[in-house]
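Worksheet: one structure, shown below.
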Amino acid sequence: MTYPRLVLANLGRNKLRTALTGGAIMLAVMLVCLLLTMPNGLDAIMNRVSSNTRISVHNKAGIVYPIPYSFARKVRQVDGVEAAVATMWFGGAFEEEGKVTFPNFTVEPEHIGAVYPDYNVPAAQLADFQRYRDGAIVGRQTMKRYGWKIGDRITLRSTVFPLSLDLRIVGEMPNEGSPLLWLSREYLDQALKARGFRGLGVVTSIWVKVRDPNRVNQVMRAIDDLSRNSSAETGSETERSFFASFFGSLQGFVKIILIVTGLVTLCIIFIAANTASMAVRERATEIAVLRSMGFSRHAIFTTLFAEALVLSTLAGVLGVALAWALTGALRAFSGWSAALGPLGSFMVTTPVVIQGVSLSLLIGLLAGSVPAYGAARRPVVEVLHEVF
Amino acid sequence: MQPVIAVENVSRLYRRGVEEIHALVDVSLAIPAGLFVAFMGPSGSGKSTLLNLVSGIDRPNTGSVMVAGQRLNDLSEDELAQWRARHVGLIFQFFNLIPVLSARDNVALPLLLTPLDKRERLRRAETALRVVGLEQRAEHSPRTLSGGEQQRVAIARAIVTDPDIIVADEPTGDLDARNAEAVLALLRQLRTDFGKTVVMVTHDPRALRFVDEAYHLDKGVLLEGEAAGRAAEAIRLAAGHSSAGAPGTAP
């Protein structure tokens with residue numbers, strides 16, 4: 001007979017109740033761990049898709065407002081600019097699905113490779129993109145999703161312009177998580193004119209590659225100065241800042257979820273404390289007997305407290321393990337399924353493990369200490385009078 | 001003979017709301033070591049209160065309780081707990097074994113309060129079970145034992161620490177006649193074979209045949225002289241045991 005054995009035997013007294021309480025703690029800890037992976041996950045996504053030496057130049061009023069296409073030429077003249085490419089949201093829906101399921105933009109094939117060298121599109125494919133007017137370069141995630149390969153022909157129906165375009169896939173962005181599609185701006189311009197519309201005189205963004213990372217702010221100021229007091233003043237920001245503001249609203253949402261999770265955890269603490277109190281009440285006779293045998297208040301408190309702590313810690317460790325397994329599975333499957341792509345960035349790191357286990361300890365600490373203290377502090381004769 | 005239990009002018013008052021209950025009034029007694037004694041009396045007579053005082057579970061309002069050379073009045077709650085662990089073995093009416101532990105683990109439970117190692121604790125628990133004749137049932141959980149067997153396990157738990165006194169509160173109250181006799185005989189055996197002082201609270205008139213001495217209480221007062229004799233006779237008559245012999249005549 002040992003104290004650990006006594007604690008474990010008491011935990012096995014009502015197996016269903018122990019399992020349900022442990023399950024509630026496990027799920028709460030798992031949920032918290034998953035949420036704790038979000039800020040780092042979003043950072044990882046941002047770091048993966050963004051660069052500090054790439055600038056987004058767009059209308060100061062917002063990215064949905066256009067700027068003149070001619071502005072791209074002026075930007076290229078700015079000192080410190082290595083390359084610039086004008087992009088426009090095409091909003092193309094793949095004909096077989098009828099809705100926009102991946103981001104697609106018109107770009108300038110002759111400039112895109114210089115602005116996005118980190119996308120690692122092979123030079124030969126970039127050359128084909130310039131050679132074929134109807135050429136398109138597609139991210140690997142979208143290629144896999146639809147089973148496309150280089151040389152395939154597809155049709156995208158624009159949800160912005162009143163036309164559909166037949167495209168020839170000439171290249172692939174070799175990033176597993178990339179859903180993008182680039183098509184030629186000139187091809188769209190000519191198609192619009194052929195249908196009797198005006199040409200494509202505007203763009204939504206100009207992406208600029210800056211030569212020297214230390215001169216980014218200076219270059220941004222110089223670009224914005226070009227449009228000062230015009231009808232389409234520009235606002236420039238680094239790609240990282242652009243995505244950070246995009247993710248900003250998402251992080252606000254994450255904060256709300258974290259607050260709700262905190263409240264859920266508080267509920268779990270109350271539930272666990274109530275369960276521990278019930279267990280102590282049911283065992284009032286036994287506790288009285290132990291006290292009368294000579295078990296000190298400290299020994300009674302420690303035994304009851306250890307029960308709550310062992311249960312919550314075991315459940316918490318399982319919850320952390322479950323979160324780890326879940327994010328691991330998401331990472332493994334993110335290469336297989338386009339829908340899971342960004343979720344592959346969420347990882348249960350060592351700090352998350354520490355926070356998860358600490359949370360489970362806190363639950364055990366708070367849920368176990370109050371009933372254990374209550375049971376231990378009562379005079380033994382008072383308890384005996386009540387139960388005998 | 002030097003008394004192992006000396007109670008002098010002890011009174012115990014409980015307050016229940018505005019009501020005052022005089023559970024014991026100026027009680028004095030001395031019990032020599034190695035005797036088997038019973039506290040008897042009707043409900044509310046104060047016998048359980050007296051048992052709680054001599055076992056260090058409760059403390060008197062006035063008077064002195066000296067057990068095994070220790071004045072219990074002077075000890076704090078935690079010191080009393082330590083003292084009980086060393087000097088007292090407790091037996092309850094409803095056995096009060098821990099249902100999730102085996103008979104052996106129940107017996108070994110008080111040994112957690114000693115510095116003995118695990119192997120020695122196990123050895124002593126098995127020895128105690130052998131004394132009560134249940135060594136074959138060591139692995140059984142209390143649920144699978146009869147009432148009599150459970151009370152024998154409780155007795156093994158009470159003696160496993162080799163205490164100075166064994167205190168039993170209505171140990172036959174929840175047993176049939178045959179098991180009650182067996183438990184009383186076992187308590188008697190602890191006194192005769194191991195020299196233990198056994199103090200028991202009981203309503204059971206059969207106990208008179210096993211104990212060395214019976215103390216009768218009524219309304220918190222210890223009866224003495226003729227009053228005690230009348231109380232003992234009334235118990236004998238009520239149980240139809242008038243020819244069973246005087247108190248202290250063991251079978």
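A short reminder: the numbers here are calculations on the coordinates, not readings from a lab. Quick caveat: nothing in here was measured; it's all calculated off a predicted structure. Cβ atoms come from the backbone with ideal geometry, glycine included; neighbour counts cover every protein chain shown.
Taking amide H positions as placed 1.01 Å from N in the peptide plane, with prolines and chain starts having none, which residues 5 or more places from B:ALA38, or on another chain, fall under 5 Å of its amide H?
Under 5 Å from the amide H of B:ALA38 lie the amide H atoms of B:MET200, B:GLU213, B:ALA214, B:TYR215, each far enough along the sequence or on another chain.
Using Cα centres only, tell me the gap between segment A:92-134 and segment A:1-47 in whole Å.
Measuring centre to centre over Cα atoms gives 47 Å.
With the radius of gyration and the Kirkwood radius both derived from the Cα set of segment A:1-84, what is their ratio Rg to Rh?
Values: Rg = 28.8 Å, Rh = 19.1 Å.
Using Cα coordinates only, the ratio equals 1.50.
Over segment A:61-232, what is the percentage of antiparallel beta bridges among all DSSP beta bridges, to the nearest 5?
Details: 21 of 30 bridges.
Percent antiparallel among DSSP bridges in segment A:61-232 is about 70.
Taking neighbour counts of Cβ atoms within 10 Å as a proxy for exposure, in what order, fewest first, do B:GLU135, B:GLU170 appear?
Neighbour counts put them in this order, fewest first: B:GLU135, B:GLU170.
Quick check: pseudo-label points 7 Å beyond the Cα along Cα→Cβ at B:SER28 and A:PHE270, how many nm apart are they?
It is 6.0 nm.
Give me a single rounded figure for A:366-375: the average over its residues of other chain Cβ atoms within 10 Å of their Cβ.
Values: counts 0, 0, 0, 0, 0, 0, 0, 0, 0, 0.
That works out to 0 on average.
Calculate, axis by axis, the spread of Cα positions in segment A:190-254 along the three principal axes, and write the results as whole Å, longest axis first.
Result, largest extent first: 45, 34, 25 Å.
Please report the Cα spread of chain B along all three principal axes, rounded to whole Å, starting with the longest.
Principal extents (largest minus smallest coordinate, Cα): 51, 45, 41 Å.
Which angle between 0 and 90 degrees, to the nearest 10, do you get for helix B:118-131 versus the longest principal axis of chain B when only C-alpha atoms count?
Roughly 60 degrees between the two axes.
Please compute P(r) over all alpha-carbon pairs of segment B:169-215, binned at 5 Å starting from zero, and give each bin as a whole-number percent.
5, 23, 36, 24, 11, 1
Where nothing but the Cβ of Lys and Arg (+1) and of Asp and Glu (-1) is charged, how large is the charge dipole of segment A:61-232 around its Cα centre, in debye to the nearest 20?
On the way: 22 positive and 19 negative charges, 60 e Å.
With Lys and Arg at +1 and Asp and Glu at -1, about 280 debye.
Can you name the helices of chain A, as whole DSSP H runs, whose Cα span along the helix axis is 18 Å or more and whose Kyte-Doolittle mean is not below -0.5?
On the way: long enough: A:15-49 (49 Å, 1.17); A:239-282 (62 Å, 1.27); A:297-334 (54 Å, 1.31); A:350-377 (39 Å, 1.24).
Membrane-span-like by this criterion, though nothing is claimed about a membrane: A:15-49, A:239-282, A:297-334, A:350-377.
Two decimals is fine: what's Rg over Rh for segment B:29-165, C-alpha atoms, Kirkwood radius as Rh?
0.99
Could you tell me the largest-minus-smallest coordinate of the C-alpha atoms of segment A:61-232 on each of the three principal axes, in descending order and whole angstroms?
Extents along the principal axes, in whole Å: 45, 36, 27.
What is the angle, in °, between the Cα long axis of helix B:177-194 and the longest principal axis of the Cα atoms in chain B? Nearest 10 is fine, range 0 to 90.
Once rounded, one gets 90 degrees.
Taking chain B as a Gaussian network, where each spring joins two C-alpha atoms under 10 Å apart, which residue of B:GLY173, B:GLY41, B:GLY220 fluctuates the most?
Greatest mean-square fluctuation among the candidates belongs to B:GLY173.
Please report the orientation-averaged projected area of chain A, defined via the convex hull of its C-alpha atoms, in nm².
On the way: hull surface 104.4 nm².
Projected over every direction and averaged, the Cα hull of chain A covers 26.1 nm².
Distance between Cα centroids, segment A:167-228 to segment B:2-47: provide it in whole Å.
Cα centroid to Cα centroid, the span is 99 Å.
How many angstrom lie between the C-alpha centres of segment B:51-96 and segment B:202-231?
Here the two parts' Cα centres lie 22 Å apart.
Among B:ALA177, B:VAL221, A:SER236, which residue has its Cα furthest toward the positive end of the charge dipole of the protein assembly as shown, with +1 on Lys/Arg Cβ and -1 on Asp/Glu Cβ?
Ranked along the dipole, the leading option is A:SER236.
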